[in-house]
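The values are calculated or read from the model by the stated rules, or taken from the named source; none is laboratory data. A quick note: this is a predicted structure, and the numbers were derived from the prediction, not measured. Note: ideal-geometry Cβ built from the backbone for every residue, glycine included; neighbour counts use all protein chains shown.
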Amino acid sequence: MQHDREVAQLASALGSGPRGRGFKSRLPDHLMVEGFPVLSIFMNKRLHAYYSGDVQGVGFRYSSERTAASLELTGWVKNLKDGRVELVCEGNEASIKEFLQRIETMFGSYIRDRELEWDKATGEFGYFDIRF
């Protein structure tokens, strides 16, 4: 009880509410745990995908990179020696599903098959790029 009162007094003295100046966040309180922001990787998903068909030499990687960046997704895309394209992307699930829809709208006539594997995000990427 005494500790709670001291924390409240300190926060009040800082003039910025219960979290104090050092804990300002744009996240709503329900995304906070004990005054600290919940890491977004716990809310994000990871997609590992393989596309086959006539998917190389048609702008698939460039368009994937641009589309992912516009949706604030991170990860990478690359051509494989067997003619497929492999990609890994992370972000919120709705954005990844929008990414898939856009890619399939742009390249649906080139895609013969796709393999999708969903997992938890690792947070290892800072941006989306083309790998070689």
Legend entry - Contacts under 9 angstrom Cβ, first residue in segment 81-109 being under 21 Å from G57 (Cα atoms) and without any contact (Cβ under 8 Å) to a residue 24 or more places away in the chain, partner hydrophobic (A, V, I, L, M, F, W, C) and surrounded by 14 or more Cβ atoms within 10 Å (Cβ to Cβ), 6 or more apart: E104/I111
Inset, instruction - Residue by residue through segment 113-123, note down the ones that are part of a strand (DSSP E or B) and either loosely packed, with under 11 Cβ neighbours inside 10 Å or hydroxyl-bearing (S, T, Y) (or both). - result: D113, E117
Inset, instruction - Give the residue, chosen from V85, V55, V38, that is modelled with pLDDT under 95 and among the aliphatic types (A, V, I, L, M). - result: V38
Legend entry - Residue tally, condition touching a strand residue (DSSP E or B) at 6+ places or on another chain (Cβ under 7 Å), assigned to a helix (DSSP H, G or I) and farther than 13 Å from E65 by Cα, over segment 95-112: 1
Legend entry - Number of positions in segment 75-94 that are surrounded by fewer than 18 Cβ atoms within 10 Å (Cβ to Cβ) and either out of contact with any strand residue (DSSP E or B) (no Cβ under 9 Å at 6 or more places or on another chain) or farther than 13 Å from L47 by Cβ (or both): 7
Legend entry - Residues of segment 41-52 that turn out to be assigned to a helix (DSSP H, G or I) and either at pLDDT 95 or above or of a type in the set (A, V, I, L, M) (or both), as a count: 1
Inset, instruction - Report the residue count in segment 96-112 for those that are surrounded by 12 or more Cβ atoms within 10 Å (Cβ to Cβ) and hydroxyl-bearing (S, T, Y). - result: 1
Inset, instruction - Tally the residues that are within 16 Å of the chain's Cα centre (by Cα) and either surrounded by 21 or more Cβ atoms within 10 Å (Cβ to Cβ) or without any contact (Cβ under 8 Å) to a residue 12 or more places away in the chain (or both), restricting the search to segment 56-66. - result: 2
